[in-house]
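For reference, the structure discussed in these notes is given below.
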Amino acid sequence: MKRVMAILTILIAFSAASCLEAKDKKQSYKIGGVFAITGPASFLGEPERNTMLMIVDMVNAQGGINGVPLEAFIEDSVGDETKAVNAVKKLINSDKVLAIIGTTRSGTTMAVIPIVEKAETPLISCAAAETIVNPVRKWVFKTPQLDRHAADRIYGTMRDRGISRVAVMSATTGFGSAGREQLQNLAQTYGMKIVADETYGPKDTDMTAQLTKIKGTNAQAVVNWSIVPAQAIVAKNMRQLGMTIPLYQSHGFGNIKYVEAAGSAAEGIIFPAGRLLAVDTVPDSNPQKKVLVEYKTLYESKFDDPVSTFGGHAWDATWILVEALKKAGADKEGIRKSIENTKGFVGTGGVFNFSKTDHCGLGPEAFEMLVVNNGKFVVLGQ
Amino acid sequence: MSFASQLLQYTLSGITIGSIYALVAIGFNIIYNSTGIINLAQGDFVMLGGMIAVFFHNTLHFPLVASGPIAALIVALIGILFERFAIHPLKNASVITLVIITIAASILFKGGAMFLWGKDAYSLPSFSGDEPIRFLGATILPQTIWIICVLLFIVAALVCFFRYTMVGRAMKACSYNKRAANIVGINVNNMVMLSFGLSALIGGIAGVIITPISLIEYEKGSLLGLKGFGAAVFGGLGNMGGAVAAGILIGLLESYSAGLLSSGYKDAVALIILLLVLFFRPGGIFARKEVQKLKHY
Amino acid sequence: MNNGSDTILAAKAVTKRFGGLVAVSDLSLDVRHGSITAIIGPNGAGKTTLFNLISGLIRPDSGTIFFKGERIDTKRPWEIPYLGISRTFQNLRVFHNMNIIENVMTGRYTHSSGGILSCAARLGAARREEQKIREKALYWMKFMNIDGIGAKKLKEVPFETQRIVEITRAVAAEPELVLLDEPAAGLNITETKNLIDTIYRIREIGTTVLIVEHDIDLIMEISDHIIVLDFGKKIADGTAKQVRNDRKVIAVYLGEEYGKQ
Amino acid sequence: MKKYLTTSFSKSAYVFTGAVILMAIVRNPYHVGILVFLGMNIIITIGLSLLMGYAGQISLGQAAFFGIGAYTTGILTTKLGLPVAVSFPLSILLTISVAFVIGIPTLRLRGHYLAMATLGLGEIVHIVFNELIPLTGGPSGFGNIPLIRIFGIELDNDYKYFIFVWAIVAIVLFLSLNIINSRVGRALKAIHKEEQTASTLGVNTSRLKLSVFVLSSGFAALAGFLYAHYVTFLSPGTFSLGFSILLVTMVAVGGMENIWGALIGTTVLTLLPEYLRFFKDFDILIYGIILISIMILRPEGLYGIKIPGFLLPRSKKGDNE
């Protein structure tokens, strides 16, 4: 019987812990955040978490929302579906949050969608994939621009520059393969011919083999769709192979650190991104300018770390949620409706116009084509 | 780019990446020979080497010549401490228990590195510049030549160490027969500790030299560890020459299949060939029957 | 190829080499049905190798081995016990991850047939079979005078009892031929006496005993037939009396004695 | 009377009853959800325990079988619209066929070579999940896997699913306990200690090792089936080498030589990260420290660890299984 008892003891401790949860009576608006704070996507999740907590502090410092303080519950998904599912369940059922921001990765968002739909809890995702909001799900929103729009802008820029034969490189991750799919789908629309379509593992340390193959084709440009550090390695490898055709990256290139990591090989890389990365070169007339400067200043002074577009997605998501809370209070359906009716919200990613049929709210114009110039992001001149 | 020079480029790429696998595989073998265990934290020694070098060079602004060796030595020290605190106390533990401890250590090293340096990828400047060297239509980076030279140097040094030094011979004796080694007066405990130190040192060096070309982040170790393990097994566990050859062979296989077949399946192609070899030669491609030790879990 | 109906095991010109070492060389021998046959010889004479050849763990380089007229040197090790041969080992191979009765029950493997699925479901037949295995194991433990300790772990009983457990496991298979590899090693005088008694009783139930042993007194006492090996070759063959007086045997044993100095 | 209380049937029944009582106490869907995942993990580790602890063969490819089970039922129900009743046997069947075919050459290897081979096979399966985009959705995965409907009841909440999963845990436990207390179980233990000796007892060692390998893959596929219809979304990340290693660690932490060890180890390592959420970013460090401490202090696993007496209800007699 000892064995059974041993197991029982562990389980009793577990159930005791679940009953002992702090039952906070203080009135507050509870919101949850699920980010890949550790694990391979942590460079995305960490700025998102930082940004969300920063905003919660800001709101509370100003006396909360209509006098009610905001309380954030942050969970780490490690970028893993099972962990994300557990985290979202914890937030909804144990912490009783009104809405959730996250998750970081597309896969984890897809995995938690059935849960938030069933629990009727609004979710604002910081993940890229278009499938999150297409088809539209009642309770699910997202703030990052769509992959399709990124591909649109890349191909558009290429067409303007007379490029028609393109080599595609992508990582075998959710982000990479979604981008690859968009590039394939849109190629015809823009009159592009994909002359090479290569992939690599997210942790590979060398891509010269794939690039050598591309070098053997008549490609006029390379598009690489992946997340760090592969983006820097591709640039370095191209430099090594003496490839002179331009390198386009996806909006995953949105952190100046990758430029540092790639060194001089990063010069001339063209990529679509929210305007956040090139705040200095955004004209004052742009409606986003004020928000961008504000976020950049706040984030960089608080965390002593360069701002990234990923944190920007959380900035947009959190403020949209705060606005919704202002209007609807502690009512999930009210919050949902309020998010859905958000119009003209100026965020770091663009100007958001949500609707019943559009739960992303951004168009291709949310992207600006940037280029790396002397180790800095600069808006690409025509 | 002509097909011939493309082929040459694949070969060079394969050798570059394969040399790294070979270095990791050598580390696996050193510990395997003295303890019979596979140290699944071997890849994390590589990661630590790179990270610590980055810390000394980029943060403390030590010159590169100093940062690299300091980093490698610190990793060696970490290896020794790891053995003293986590492996040594378990006198009669089974192989699987020790392997699980190395898994736990790997988690700990990763966690520690993430805690200290965050999750970003870092780079070091190349030792001799970034200007690629042209060679029959293919290119090679000066850093690649460094990697290959370091590999050759380490292999040569190890051969001398095991053949001509007392300590090296003692370690070798332990790998053949621990009890006999003990009887002739070799302190087996110290040899195990030394093997962890040595293997961590080699891991650390590997970390330092690859960082300029492949960058380093706290999770980099797992994949390299995996490939190194593959190379060590492929070459026949405990066989240094086999490890080097197998490491480079895996690198070449990956590079050729990425270039000539399908980049998505390149790892699968390398693995399938590795498995086929194992099925026909269950002790690895370079297994010699006499030295083939079958350690049970 | 049967050498008369009373021969249960026959080896014909068996040779086995390990690298450069010839462990068994051109060896032929007959074991009579129902006998206690002993194989003696100095260390390295090839005794254990011979056992391993008979039980199929290794294959001869040349020569043949017959059991009840059936050729067995080409069979796999797990097929041998089904024919009616079981064995013990010189270095005591009992299973420390099982208690004593379970160790004995493993000896009944060849007499049961439940596959992994029927064992998992444990429906009627498998349940009855398990019951029968347990009863038989208890019977053989009683036969060997070790009843009542079935639930104990091996490390809880003395070495000598562990040896008896191993022998019990072998006889529980109800073999026609049992190979005992140095069963008296490490036993004191009383224990050896008990062992002798046990071996007689095994023979009484009709089992042929083939035994390798260093204890010459024991061998001389119990054996019907003795085969003497040296460097893998048979140098003498006969009753205890014949062998005792064989000059070659004396030379080998004395030589070994002096050689050791 | 005592005899009836210690049969594998009653032991499995205790586990099931205990789990249901626990659910009634816990109630919170988050905790119930974790216990659902715990149940799935236990199904896999029981199989792995048979393979590792009893037969002495390691597998670092268990996540792949888990994945084949999950993907097969997922693809059959979403892409082909087959009912779950059809996809269930097919997913198990496909997985064990794969295990059978690759088990034949693989199980000839030993020790670290076997570990590497199973690891390699697991990685190959993982790559296939990534690359067979039309079927698997590639790295992005695919969703909308239908729920299970059993006896007219749709398993659409955590409580129902909990009961379903733990009923299966009890069945798997029952079958496995039966095996270890049978001729096959004893033969496996014999193989673990002395493969050669086992063969002299009449055990066809390679065939039996293969049978257990196939059985453990079947259990993993079963868990995969349960996973697919619970989470309703699949992507390759779930079925990576990391999960295979975690499973082996669970078995080793609990104590390899006993099925109950697998239960304990799996419970500890499944629940631990949930407790460690409290530590935020430090969790990975603390997890590593706890794991390393367990292995150093209890190298043979947690099973059989002495529980402080006051935690145990008084029992008159020790259980001597």
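With the condition kept exactly as written, say whether any residue in segment B:33-42 is facing another protein chain (nearest Cβ under 10 Å), open to solvent by 10 Å² or more (accessible area, probe 1.4 Å) and part of a helix (DSSP H, G or I).
Of segment B:33-42, the ones facing another protein chain (nearest Cβ under 10 Å) are B:36-38, B:40.
If we keep only those that are open to solvent by 10 Å² or more (accessible area, probe 1.4 Å) as well, we get B:40.
Narrowing the set further to residues that are part of a helix (DSSP H, G or I) leaves none.
No: segment B:33-42 contains no residue that is facing another protein chain (nearest Cβ under 10 Å), open to solvent by 10 Å² or more (accessible area, probe 1.4 Å) and part of a helix (DSSP H, G or I).
Answer with yes or no whether C:Ile72 is free of Cβ contacts under 8 Å to residues at least 24 places away in the same chain and crowded, with 18+ Cβ neighbours inside 10 Å. Criteria met by C:Ile72. The set of residues from segment A:68-84 being over 15 Å from A:Arg49 (Cα atoms) and either under 16 Å from the mean Cα position of the chain (by Cα) or without any contact (Cβ under 8 Å) to a residue 40 or more places away in the chain (or both) comprises A:Asp80, A:Glu81, A:Thr82, A:Lys83. Look at (1) more than 14 Å from chain A (Cβ to nearest Cβ); (2) in contact (Cβ under 8 Å) with a residue 12 or more places away in the chain and you find that D:Ile44 fails only one, number (1).
Taking segment B:128-144 as the range and being part of a loop (DSSP other than H, G, I, E, B) and either small (Gly, Ala, Ser) or surrounded by fewer than 14 Cβ atoms within 10 Å (Cβ to Cβ) (or both) as the test, the residues that pass are B:Ser128, B:Gly129, B:Glu131, B:Leu136, B:Gly137. Restricting segment C:188-232 to residues that are in contact (Cβ under 8 Å) with a residue 60 or more places away in the chain and among the acidic types (Asp, Glu) leaves a set whose member that is least open to solvent (accessible area, probe 1.4 Å) is C:Glu213.
Go through C:Ile133, C:Ile116, C:Ile167 for me and flag whichever is more than 9 Å from chain D (Cβ to nearest Cβ) and of a type in the set (A, V, I, L, M).
On the way: C:Ile133 fails: more than 9 Å from chain D (Cβ to nearest Cβ); C:Ile116 fails: more than 9 Å from chain D (Cβ to nearest Cβ).
None of the other options fit; the residue is C:Ile167.
Counting only residues that are open to solvent by 10 Å² or more (accessible area, probe 1.4 Å) and either in a loop (DSSP other than H, G, I, E, B) or closer than 17 Å to C:Phe231 by Cα (or both), segment C:24-34 holds 5 of them. Would segment C:152-172 turn up any residue that is among the basic types (Lys, Arg) and in a strand (DSSP E or B)? Within segment C:152-172, one or more residues are among the basic types (Lys, Arg) and in a strand (DSSP E or B).
The residues on offer are C:Met144, C:Met98, and the sole one that is farther than 29 Å from D:Lys209 by Cβ and either within 21 Å of the chain's Cα centre (by Cα) or open to solvent by less than 30 Å² (accessible area, probe 1.4 Å) (or both) is C:Met144.
The sole residue among B:Ile205, B:Ile216 that is under 12 Å from the mean Cα position of the chain (by Cα) and farther than 28 Å from B:Asn177 by Cα is B:Ile205.
Out of curiosity, is B:Gly137 more than 16 Å from A:Thr205 (Cβ to Cβ), within 14 Å of chain A (Cβ to nearest Cβ) and in contact with a helix residue (DSSP H, G or I) (Cβ under 9 Å, 6 or more places away or on another chain)? The answer is yes for B:Gly137. Applying a threshold of 7 Å to beta carbon distances and a minimum spacing of six or more residues, or different chains, the list of pairs starting in segment A:165-193 at a residue that is within 11 Å of another protein chain (Cβ to nearest Cβ) and hydroxyl-bearing (Ser, Thr, Tyr) and ending at one that is part of a loop (DSSP other than H, G, I, E, B) and open to solvent by 50 Å² or more (accessible area, probe 1.4 Å) reads A:Thr172/A:Pro202; A:Thr173/A:Pro202.
Taking the conditions exactly as written (over 13 Å from the mean Cα position of the chain (by Cα), part of a helix (DSSP H, G or I) and at negative phi), does B:Ala25 satisfy them or not? No: the conditions fail for B:Ala25.
Being part of a loop (DSSP other than H, G, I, E, B) and farther than 30 Å from C:Glu160 by Cβ is the filter here, so list the residues in segment C:37-92 that pass it.
Going residue by residue through segment C:37-92, those that are part of a loop (DSSP other than H, G, I, E, B) are C:41-46, C:55-61, C:68-69, C:72-76, C:84, C:88-92.
If the condition is that a residue be part of a loop (DSSP other than H, G, I, E, B) and farther than 30 Å from C:Glu160 by Cβ, then C:Arg59, C:Pro60, C:Asp61, C:Lys68, C:Gly69, C:Ile72, C:Asp73, C:Thr74, C:Lys75, C:Arg76 are the ones that fit.
Need at least 2 residues that are within 14 Å of chain C (Cβ to nearest Cβ), under 30 Å from C:Thr106 (Cβ atoms) and of a type in the set (Phe, Trp, Tyr) per element, so show me which helices (runs of 4 or more DSSP H) inside segment D:176-285 make the cut, counting only ones lying wholly within it. Steps first, answer last, please.
Details: elements: D:183-193, D:195-200, D:205-231, D:241-254, D:259-276.
Helices (runs of 4 or more DSSP H) meeting the threshold: D:205-231.
Rundown of residues vs (1) crowded, with 19+ Cβ neighbours inside 10 Å; (2) more than 10 Å from chain D (Cβ to nearest Cβ); (3) free of Cβ contacts under 8 Å to residues at least 12 places away in the same chain; (4) assigned to a helix (DSSP H, G or I), yes/no style:
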position: B:His61; (1), (2), (3), (4): no, yes, yes, no
position: B:Ala66; (1), (2), (3), (4): no, yes, yes, yes
position: B:Leu90; (1), (2), (3), (4): no, no, yes, no
position: B:Ala93; (1), (2), (3), (4): no, no, yes, no
position: B:Phe109; (1), (2), (3), (4): yes, no, no, yes
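A:Val228 meets all of the listed conditions (1) of a type outside the set (Asp, Glu); (2) in contact (Cβ under 8 Å) with a residue 60 or more places away in the chain; (3) more than 8 Å from chain B (Cβ to nearest Cβ) but one, namely (3).
When the residues of segment A:201-219 are filtered to those that are part of a loop (DSSP other than H, G, I, E, B) and touching a helix residue (DSSP H, G or I) at 6+ places or on another chain (Cβ under 8 Å), which remaining residue is nearest to A:Gly191 (Cα to Cα)?
Within segment A:201-219, the first condition is being part of a loop (DSSP other than H, G, I, E, B), and the residues that meet it are A:201-207, A:216-219.
Subsequent filtering for residues that are touching a helix residue (DSSP H, G or I) at 6+ places or on another chain (Cβ under 8 Å) retains A:201-207, A:216.
Working: A:Gly201: 29, A:Pro202: 29, A:Lys203: 33, A:Asp204: 32, A:Thr205: 33, A:Asp206: 31, A:Met207: 27, A:Gly216: 22 Å.
Result: A:Gly216.
When residues in segment C:235-251 are screened for being surrounded by fewer than 21 Cβ atoms within 10 Å (Cβ to Cβ) and part of a strand (DSSP E or B), 3 of them pass. Among residues of segment A:35-51 being outside any loop (DSSP other than H, G, I, E, B) and of a type in the set (A, V, I, L, M, F, W, C), the one that is nearest to A:Ala317 (Cα to Cα) is A:Phe35.
Pairing each residue of segment A:107-129 that is within 8 Å of another protein chain (Cβ to nearest Cβ) with any residue that is basic (Lys, Arg) and open to solvent by 10 Å² or more (accessible area, probe 1.4 Å), provided the two are 6+ apart or on different chains, yields C-beta distances under 9 Å for A:Ile113/A:Arg137; A:Ala129/A:Arg105.
Only one of these is more than 9 Å from chain D (Cβ to nearest Cβ) and surrounded by fewer than 16 Cβ atoms within 10 Å (Cβ to Cβ): C:Leu123, C:Leu83. Name it.
C:Leu123
B:Tyr10 passes every criterion in (1) without any contact (Cβ under 8 Å) to a residue 60 or more places away in the chain; (2) within 30 Å of B:Gly259 (Cβ to Cβ) apart from (1). If you go through segment B:96-114 one residue at a time, do you hit one that is at pLDDT below 85 and on the phi > 0 side of the Ramachandran plot? No, the conditions are met nowhere in segment B:96-114.
All conditions in (1) part of a strand (DSSP E or B); (2) open to solvent by 20 Å² or more (accessible area, probe 1.4 Å) hold for A:Asn224, with the sole exception of (2).
The values are calculated or read from the model by the stated rules, or taken from the named source; none is laboratory data. Not measured: the values here are computed from a predicted model. Note that each Cβ is placed from the backbone with ideal geometry, even for glycine, and that neighbours are counted across all protein chains shown. Protein only, heavy atoms only, side chains kept; ligands, DNA and RNA dropped before computing areas. Shrake-Rupley method; radii C 1.70, N 1.55, O 1.52, S 1.80 Å.
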